[in-house]
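Read through the structure below, which is laid out as structure tokens, and then see the notes.
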Amino acid sequence: MAKTAAAEFTDPLADLRAAYLARLRNRADGLTEFLVACRDRSPDEAMIAEYHRCVHSMVSSAAIFGHARLSALARNAERAFEAFAETGKMSLVRQIEDLVFEAEVVIKSARSR
């Protein structure tokens, strides 16, 4: 029986995508740690900068791997981090928390495919 073209196709980026999704899980865990720390104390500038970099890198990498929704969530979180760094308003932490939660749902969905 002859193989169809679809049966012969293998995704050359499958391993790269799987590794990316695993790193995303680690980044989401790191953002959760930030949020937990914010409940205990106000974060310092270094902490804010570290997690801002985390979401900043997710903006483009998620888009590259075809996760447009995750990229948009990360961009919104990046803006919230920037506003938080400028103002120190703890209300922005709640906004970041909502975005991280939604991003975790998107990541879980992507990993289950």
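The values are calculated or read from the model by the stated rules, or taken from the named source; none is laboratory data. In this text the structure is predicted, and so the values were computed from the model without any measurement. As a convention, Cβ positions derive from the backbone with ideal geometry for all residues, glycine included, and neighbour counts pool all protein chains shown.
State yes or no: is A28 under 12 Å from A103 (Cα atoms), touching a residue at least 40 places away in the same chain (Cβ under 8 Å) and out of contact with any Cys (no Cβ under 7 Å at 6 or more places or on another chain)?
yes
Among helices (runs of 4 or more DSSP H) lying entirely in region 35-113, which contain 1 or more residues that are polar (S, T, N, Q) and farther than 15 Å from Y20 by Cα?
68-87, 91-112
Conditions (1) buried (at least 18 other Cβ atoms within 10 Å of the Cβ); (2) modelled with pLDDT under 85; (3) among the polar types (S, T, N, Q), marked per residue:
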| site | (1), (2), (3) |
| --- | --- |
| D11 | no, yes, no |
| E33 | no, yes, no |
| C38 | yes, yes, no |
| A83 | no, no, no |
| Q95 | no, no, yes |
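Which one is surrounded by the most Cβ atoms within 10 Å (Cβ to Cβ) among residues in region 97-113 that are in contact (Cβ under 8 Å) with a residue 60 or more places away in the chain and aliphatic (A, V, I, L, M)?
My answer is A103.
Take the conditions farther than 23 Å from S109 by Cα and in a helix (DSSP H, G or I) and apply them to A19. Does it pass?
Criteria not met by A19.
Could you tell me whether A77 is within 10 Å of the chain's Cα centre (by Cα) and either of a type in the set (D, E) or over 26 Å from A14 (Cα atoms) (or both)?
Answer is yes for this residue.
I need the full set of residues from region 64-95 which are free of Cβ contacts under 8 Å to residues at least 24 places away in the same chain, under 26 Å from S112 (Cβ atoms) and among the hydrophobic types (A, V, I, L, M, F, W, C), in order please.
Result: I64, A68, A72.
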